[in-house]
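Q: Dropping the structure in here first, questions after.
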Amino acid sequence: MAKEAAETEERCTTLAGTFEGKKTAILDEAREVKKKASEMMDTYLDPDSDALDGFEFLTMAEAAEVGHWSVLKTLNDQAKHPELDGLIEWALPIQERHFQTVLAGSQKLAAEEDPNETA
C-alpha cells in the first residue's frame, strides 16, 4: 500500500505540473490536506490506542480516499481532462482495494474482541 501511495503521489505531482499556472496551488493544497490528515491521526490515535483503533482509523482514511477519487471522477466528467481521467481510472481501483483490505483487517480484529469486556 505504501508503494502504491508513493506512486500515486508521484503521478499526481507530475499531472499537476501540466495545469498551466495551477501547479503551485494544487501542490500547496495537497500538502495542507496531508498535514490535516496527520493531525487527525494524532488526535484519533492516542497512547491507549490498540491495533483495532489503528485499523479503524485506516479504514476511515481509505474510505475518504475512495470518496475523493470518486468526486474527482464526477468533476472530471464535466472538465474532460484526458490525463486526469487516465489517472483516476488507474487510482480509483487501487483505493477501493486498499479500503477493502483495511476494512477486512478491522473486521478481523473486531471479531477477536470481547464485546462484553468492561475495561
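Please treat every number below as a calculation from the coordinates, not as lab data. As the structure is a prediction and not an experimental result, all values here were calculated from the model. When we count neighbours, we look across all protein chains shown, and the Cβ atoms used for this are built from the backbone with ideal geometry, even at glycine.
Quick grid of which residues meet (1) in contact with a helix residue (DSSP H, G or I) (Cβ under 7 Å, 6 or more places away or on another chain); (2) hydrophobic (A, V, I, L, M, F, W, C); (3) surrounded by fewer than 12 Cβ atoms within 10 Å (Cβ to Cβ); (4) closer than 19 Å to D85 by Cα:
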residue: E4; (1), (2), (3), (4): yes, no, no, yes
residue: R11; (1), (2), (3), (4): yes, no, no, yes
residue: A16; (1), (2), (3), (4): yes, yes, no, yes
residue: F19; (1), (2), (3), (4): yes, yes, no, yes
residue: T24; (1), (2), (3), (4): no, no, yes, no
residue: K34; (1), (2), (3), (4): no, no, yes, no
residue: D42; (1), (2), (3), (4): no, no, yes, no
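Q: Looking at T74, is it in a helix (DSSP H, G or I), among the hydroxyl-bearing types (S, T, Y) and crowded, with 16+ Cβ neighbours inside 10 Å?
A: Working: in a helix (DSSP H, G or I): yes; among the hydroxyl-bearing types (S, T, Y): yes; crowded, with 16+ Cβ neighbours inside 10 Å: no.
For T74, the condition - in a helix (DSSP H, G or I), among the hydroxyl-bearing types (S, T, Y) and crowded, with 16+ Cβ neighbours inside 10 Å - is not met.
Q: Has the range 57-65 got at least one residue that is under 30 Å from P115 (Cβ atoms), surrounded by 12 or more Cβ atoms within 10 Å (Cβ to Cβ), of a type outside the set (G, A, S) and touching a Ser or Thr at 6+ places or on another chain (Cβ under 7 Å)?
A: At the first step, the residues of the range 57-65 found to be under 30 Å from P115 (Cβ atoms) are 57-65.
Filter once more, keeping what is surrounded by 12 or more Cβ atoms within 10 Å (Cβ to Cβ): 57-65.
Then keep just the ones that are of a type outside the set (G, A, S); that gives 57-60, 62, 65.
If we keep only those that are touching a Ser or Thr at 6+ places or on another chain (Cβ under 7 Å) as well, we get 59.
Checked the range 57-65: at least one residue is under 30 Å from P115 (Cβ atoms), surrounded by 12 or more Cβ atoms within 10 Å (Cβ to Cβ), of a type outside the set (G, A, S) and touching a Ser or Thr at 6+ places or on another chain (Cβ under 7 Å).
Q: I've got another one for you. For A79, indicate whether it is closer than 30 Å to L52 by Cα, free of Cβ contacts under 8 Å to residues at least 12 places away in the same chain and of a type in the set (G, A, S). Before the answer, list the steps.
A: Values: closer than 30 Å to L52 by Cα: no; free of Cβ contacts under 8 Å to residues at least 12 places away in the same chain: yes; of a type in the set (G, A, S): yes.
In short, no.
Q: Please go through the range 95-109 and give me each residue that is basic (K, R) and over 16 Å from W69 (Cβ atoms), ordered by number. Outline the logic, then answer.
A: From the range 95-109, those basic (K, R) are 97, 108; that's our starting set.
K108, the sole residue that qualifies.
Q: Looking at the range 7-36, I want the residues that are outside any loop (DSSP other than H, G, I, E, B) and have a partner that is basic (K, R) and surrounded by 11 or more Cβ atoms within 10 Å (Cβ to Cβ) with Cβ atoms under 8 Å, at least 6 apart or on another chain. Which pairs are those?
A: Listed pairs, sorted by first residue: A16/K22; A16/K23.
Q: Residue pairs, Cβ under 6 Å, 6 or more apart or interchain, first in the range 94-119 and within 13 Å of A63 (Cβ to Cβ), second not in a helix (DSSP H, G or I). List them.
A: H98/M1
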